[in-house]
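A.B. asks: First the structure, then my questions, so here it is.
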């Protein structure tokens, strides 16, 4: 299994048109599997306006658009999927609201939660935060070995998330992550988001080489 980049929006976007152009350039800079629209605490009309701008940009580049937290709104806005946390209701309810979309589930540092989600039919499970992060406060700090064990025993893809940057992503790729979820590591990259995507792509390739090497 390869490893791909999974982008998450900043929590606040001041100008959707400007960010849309930045997003388009970033998606053109390398292999990106998905964009999660994560505007926690924002009113529905703001989220809807963001999806309206970002969805055609993503679909033109074969990138899935996933909404955070709200399966009902994801279905209403025509998103490709939804990502739910442990406090966002059950997987069964999410599937009922979004019968044909992708559903990813936050599983913190727990293989048990991940196995429950996978057995319920989740399209991916997310482990994290692997590194300190200011984006989402969490006490959970899994060891990268959880990715290795998951890769060796389960077929449901796994996402690594939390404080991931260009300089620290390679061990997670080598350990077995199918996707690397990134927020500030792309949008706040000193040389710009497009350069970040290209740099991540190079590090992901190096991590995959380590994973697939005889000594890996």
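Derivation of every value follows stated rules applied to the coordinates shown; laboratory data play no part. These numbers come from a predicted model, not from an experiment. Ideal geometry is used to build each Cβ from the backbone, glycine not excepted, and the neighbour counts take in all protein chains shown.
A.B. asks: Looking only at segment 20-55, count every residue that is in a helix (DSSP H, G or I) and either closer than 20 Å to residue 82 by Cβ or in contact (Cβ under 8 Å) with a residue 24 or more places away in the chain (or both) and tell me the total.
C.D. replies: Looking only at that region, the number is 20.
A.B. asks: So if I check each of 113, 67, 77, 98, which one is more than 17 Å from residue 6 (Cβ to Cβ) and buried (at least 23 other Cβ atoms within 10 Å of the Cβ)?
C.D. replies: Selected residue: 98, the only one of 113, 67, 77, 98 that is more than 17 Å from residue 6 (Cβ to Cβ) and buried (at least 23 other Cβ atoms within 10 Å of the Cβ).
A.B. asks: Are there any helices (runs of 4 or more DSSP H) wholly within segment 127-216 with 3 or more residues that are surrounded by 20 or more Cβ atoms within 10 Å (Cβ to Cβ), touching a residue at least 12 places away in the same chain (Cβ under 8 Å) and touching a helix residue (DSSP H, G or I) at 6+ places or on another chain (Cβ under 8 Å), and if so which?
C.D. replies: Filter on segment 127-216 gives 145-153, 170-175, 193-212.
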